[in-house]
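The values are calculated or read from the model by the stated rules, or taken from the named source; none is laboratory data. Every value quoted in this text rests on a predicted model; they were computed, and no experiment measured them. All Cβ positions, even for glycine, are placed from backbone atoms using ideal geometry, and neighbour counts span all protein chains on display. Just so you know, the surface numbers come from the protein's heavy atoms only, side chains and all, with ligands and any DNA or RNA stripped out. Shrake-Rupley method; radii C 1.70, N 1.55, O 1.52, S 1.80 Å.
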Amino acid sequence: MRIISKVRELKEYLKEQNKIVGLVPTMGALHDGHLSLIKNAKKECELVVVSIFVNPTQFLKGEDLDKYPSRDKADKKICELSGVDVIFLPQADEIYGDDEVKVLAPNIRGFTLEGASRPGHFNGVLTVVNKLFNIVNPDFAYFGKKDAQQLNLISLMVEQFFMNVVIVPVDTVRESDGLALSSRNIYLCADQRIDALKISSSLYEASKMVSRGDVQVDDIKRKMSKVLEPLEISYVEILSRDFKATKRVEIGNSIVLVEVLVGTTRLLDNIWL
Ligand code: AMP
């Protein structure tokens, strides 16, 4: 496995290899969710690149950029054991200069839900993903359904900028008790870890209601908010899979999304119905 920190070196290496390339963009502190992305990439591609970059432009002022968990050594081991070919591990000044050109998230879908609680976050996400695509030129790129809005916006960017990469959505990996894996879970103390289970419980409640035929969005959101009490809710929302408003859940075309604050930790999750 190669660890490359320079853009030029990575581009040259990939050009020489001339293989079907899969890219797994991450911010490190790798867990089984990331591993699932890597495994999918290994199945479909001849060469797998994992990028590990805590992208400063997607953090708003006052967010956890400086204390975002970093586990370089463990991350390298995980990548090595899972057959990753290249880790791309750049410093911020390798990726960004001054007076930068930016990608802007769309006005509506980029500024609702997580985009409303973190305005500008998705501009940073799209800008860095655009850069990563240009550096790696992957055939396939793997993203978790857990970050459903991010996945939707990246798919939109690829479609609207006519980019030559196939976006592969990967199912959310959970702990056995239902909590979605997240690098931020390590911020939770024992009590908060128990509180955080209300997130997946609220999603299961939504799916139970739908399977009973109760498909009115307002009713489901009300019930979910009750299950989430007393957590601070950023949003509970039910949308079509292309992130448009809907009054009724349409099976096969709906996403139920939740974001809450557990203490000061922002956690999000969703299910696709
Ligand atoms: P992050 O390092 O948090 O930026 O995540 C990198 C990628 O891993 C993103 O595409 C996430 O959606 C994905 N991811 C994070 N957590 C999970 C999970 N529990 N299951 C599946 N994919 C995940």
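Annotations for the structure displayed:
- Segments classed as helices (runs of 4 or more DSSP H), wholly inside the stretch 187-231, with at least 2 members that are over 25 Å from the mean Cα position of the chain (by Cα) and acidic (Asp, Glu): 217-228
- Looking only at the stretch 9-30, residues that are away from the ligand (no atom under 16 Å from the Cβ) and more than 14 Å from Phe88 (Cα to Cα) come to 6 in all.
- Every test in (1) under 30 Å from Lys247 (Cβ atoms); (2) under 20 Å from the mean Cα position of the chain (by Cα); (3) of a type in the set (A, V, I, L, M, F, W, C) is passed by Val173 save one, and that test is (1).
- Residues satisfying the stated conditions in the stretch 46-58, i.e. assigned to a loop (DSSP other than H, G, I, E, B), out of contact with any Phe, Trp or Tyr (no Cβ under 6 Å at 6 or more places or on another chain) and open to solvent by 20 Å² or more (accessible area, probe 1.4 Å): Glu46
- Every condition in (1) crowded, with 19+ Cβ neighbours inside 10 Å; (2) more than 13 Å from the ligand (Cβ to nearest atom) is met by Leu153 except one, and the failing one is (2).
- If the condition is being part of a helix (DSSP H, G or I), open to solvent by 50 Å² or more (accessible area, probe 1.4 Å) and touching a residue at least 12 places away in the same chain (Cβ under 8 Å), then the stretch 92-119 contributes Glu94, Ala116.
- Going through (1) within 16 Å of the ligand (Cβ to nearest atom); (2) under 30 Å from Val258 (Cα atoms); (3) not hydroxyl-bearing (Ser, Thr, Tyr) one by one, Ile87 falls short only on (2).
- Options Ser183, Ser202; residue that is crowded, with 16+ Cβ neighbours inside 10 Å, at pLDDT below 95 and of a type in the set (Ser, Thr, Tyr): Ser183
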